[in-house]
Ligand SMILES: [Zn+2]
């Protein structure tokens with residue numbers, strides 16, 4: 001397949017022009033391939049990112065189908081991550097898709113993230129988000145967090161490789177004050193996919209060098225159709241990152 005043709009339309013944008021080889025050198029990890037993780041990992045796969053690493057330990061349930069676009073009815077009862085790997089790989093053979101059917105925690109974080117340029121946490125496991133953020137911070141790995149709660153999508157961009165960033169903008173725990181966003185509430189397919197598309201968009205822009213969204217919280221209010229961009233602020237009392245301010 002002629003890759004010049006394949007990526008021609010995105011290369012018409014200034015930021016993407018002549019950057020296809022650069023994108024192909026990038027590796028991005030996704031924690032969660034469900035509602036938001038499915039489309040966001042797919043969009044980066046289609047854009048020509050070199051390696052997509054996905055982690056998920058859930059099995060597909062029937063109530064996932066209305067919003068999780070990588071799966072078919074025949075996948076019910078199967079581990080999501082293998083079905084997702086197959087689906088992503090068949091959409092772009094240029095991209096290497098690696099799957100981990102594991103819950104990512106301190107025991108396997110290094111193995112999962114080794115060599116990654118960016119980690120995207122789009123899981124619906126609120127309790128693990130704080131753990132993942134702290135591990136990413138400790139490993140100086142940049143993190144995009146995408147979450148949806150009812151009609152609200154929240155996407156935050158943390159440049160954890162930069163101590164000055166952490167000093168000023170803090171970490172995911174600072175954002176949530178230790179109370180992760182409740183993702184176990186109602187949701188529709190379009191709400192999940194709006195969050196997924198925005199997450200993928202900021203991830204691509206970030207990989208290509210647009211730092212305008214770093215240190216920002218993008219809030220999408222899909223009830224009133226309003227998008228706002230807020231600046232993340234460090235919590236001086238935060239136990240995860242306060243040592244950056246000593
Ligand atoms: Zn913090």
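Throughout, read-outs are computed from the coordinates displayed, never taken from laboratory work. All values reported here derive from a predicted model rather than from experimental measurement. No Cβ is skipped: glycine too gets one built from the backbone with ideal geometry, and neighbour counts run over all protein chains shown.
Which residue fluctuates the most in the chain, going by a Gaussian network model with Cα springs under 10 Å, if the choices are 47, 84, 156? Highest fluctuation of the listed residues: 47. Secondary-structure-derived ellipticity at 222 nm for the chain, considering helices only, amounts to -10000 deg cm²/dmol, per-run term -39500 (n - 2.57) for DSSP H runs with n ≥ 4. Per residue, the convex hull spanned by the Cα atoms of the stretch 12-68 measures out at 81 cubic angstrom. Over the chain, with a Gaussian network built from C-alpha contacts below 10 Å, which listed residue (39, 15, 232) shows the highest mean-square fluctuation? Among 39, 15, 232, the largest mean-square fluctuation in the Gaussian network model of the chain belongs to 15.
Computed from the C-beta positions of residue 90 and residue 223 and an R0 of 41 Å, the FRET efficiency is 0.70 to the nearest 0.05.
In this calculation the C-beta distance from residue 69 to residue 139 is compared with R0 = 35 Å, giving a FRET efficiency of 0.70. Between residue 5 and residue 17, the modelled labels are 2.4 nm apart [label points 7 Å from Cα along Cα→Cβ].
How would you classify the stretch 55-137 from its alpha-carbon gyration tensor, with a ≥ b ≥ c the square roots of the eigenvalues: rounded for a/c under 1.5, else prolate if a/b is greater than b/c, otherwise oblate? In terms of gyration-tensor shape, oblate. For the pair the stretch 111-185 / the stretch 12-78, the C-alpha centres are spaced 18 Å from each other. With only Cα atoms counted, the chain has Rg and Dmax values of 17.2, 54 Å.
Taking the three principal axes of the alpha carbon atoms in the stretch 6-109, the coordinate ranges are 42, 33, 20 Å, sorted in descending order.
GNM remark for the chain: springs join alpha carbons under 10 Å apart, and the peak mean-square fluctuation among 73, 193, 89 falls on 73. List the residues of the stretch 110-144 whose backbone N lies under 11 Å from a point placed 7 Å from the Cα of residue 161 along the Cα-to-Cβ direction. Counting backbone N atoms under 11 Å from the label point, the list is 115-119, 140-143. Normalised Debye scattering of the stretch 1-40 at q = 0.14, 0.24, 0.28, 0.30 Å⁻¹ gives log10 I(q)/I(0) of -0.45, -0.85, -0.89, -0.92, counting only Cα atoms as equal scatterers and leaving out solvent.
Remark: relative contact order (the stretch 145-246) = 40 percent; criterion is Cα-Cα distance under 8 angstrom and separation of 6 or more residues.
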